[in-house]
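Contents: one structure, followed by commentary.
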Amino acid sequence: MAWESPGWQTSSQEVNETLIQESQRAFMSRVYGWMFAGLLITGGMALFTVSNEALLRLVASWMVPMLLAELGLVFVLSMAARKLSGAVAGLMFVVYAALTGMTFSIYFLVYTAGSIGQAFLLTGGIFGAMSLYGTITKKDLSGWGAFLFMGLVGVIIAGFVNIFLRNDMLGFVSACACVVVFSGLTAYDTQKLRQLHATTGFSSAATVSIIGALELYLDFINLFLALLRLFGRRR
């Protein structure tokens, strides 16, 4: 037909690409919104817990069960979040962030508040730079996956072994490796989430956003802990 000209097809394609980009930006905004909300909850609970001696003692007494509860929540959210309603997934994410903040209160007893703040700012800078790289790069970062996974397994094993060895050099090397691994994961996960939005039919479902927020939240938290171990000043 006359109106089905090449110019019309090009215009239609441009409109579709624009709509896709706008949908993608909206999706990532929700992901970052959930992630930053989680970080605020974690920081607020950490400060509240460390300022309440009775609660701090309770956390110290129940540290292992709380850590197991955190692992359980992460497992459920990672594996079954899409089967949950948005409200349930959101509540689980909030509870996880709050539990993390309570357990993190212990770090205020080990490191000075100033060095914790500096580590947080440094983490924010690295995370922002790597997330931006994952957003704007045209390079396919999927090839990083295997390398980063092996690195993650390595730092987990090294951390477990060092619980018994308590070797400062091994701890230092492990912390440096964590910085590299979680910096890379930040860029990798950012690009992967943008692709996830496309493969799920440009879904704006809350559960999909929460899955993405959890991944980036974990990247940020683990990067922060590694930097705190490297640069934190002990009391």
The range 127-145, residues that are outside any helix (DSSP H, G or I) and either in contact with a Ser or Thr (Cβ under 6 Å, 6 or more places away or on another chain) or basic (Lys, Arg) (or both): LYS138, LYS139
Residue within the range 40-55 that is at pLDDT below 95 and aromatic (Phe, Trp, Tyr) present: no
Residue check for LYS83: basic (Lys, Arg) and either crowded, with 16+ Cβ neighbours inside 10 Å or modelled with pLDDT of 90 or more (or both): no
Candidates THR123, THR112, filtered to the one that is within 16 Å of the chain's Cα centre (by Cα) and of a type in the set (Val, Ile, Thr): THR123
Condition met for GLY184 (surrounded by 14 or more Cβ atoms within 10 Å (Cβ to Cβ), modelled with pLDDT under 90, within 20 Å of the chain's Cα centre (by Cα) and more than 21 Å from LEU84 (Cα to Cα)): no
Of all residues making up the range 87-126, the number that are surrounded by 14 or more Cβ atoms within 10 Å (Cβ to Cβ), outside any helix (DSSP H, G or I) and not hydrophobic (A, V, I, L, M, F, W, C): 2
Test: residue in the range 89-109 that is within 22 Å of ALA206 (Cβ to Cβ), at pLDDT below 95 and small (Gly, Ala, Ser): yes
Selection count, the range 33-59, where residues are surrounded by fewer than 18 Cβ atoms within 10 Å (Cβ to Cβ) and aromatic (Phe, Trp, Tyr): 2
Checklist (1) surrounded by fewer than 17 Cβ atoms within 10 Å (Cβ to Cβ); (2) hydroxyl-bearing (Ser, Thr, Tyr); (3) more than 23 Å from GLN195 (Cβ to Cβ) applied to THR135, failing item: (3)
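The values are calculated or read from the model by the stated rules, or taken from the named source; none is laboratory data. Here the structure is a predicted model, which means the values were calculated and not measured. Cβ atoms come from the backbone with ideal geometry, glycine included; neighbour counts cover every protein chain shown.
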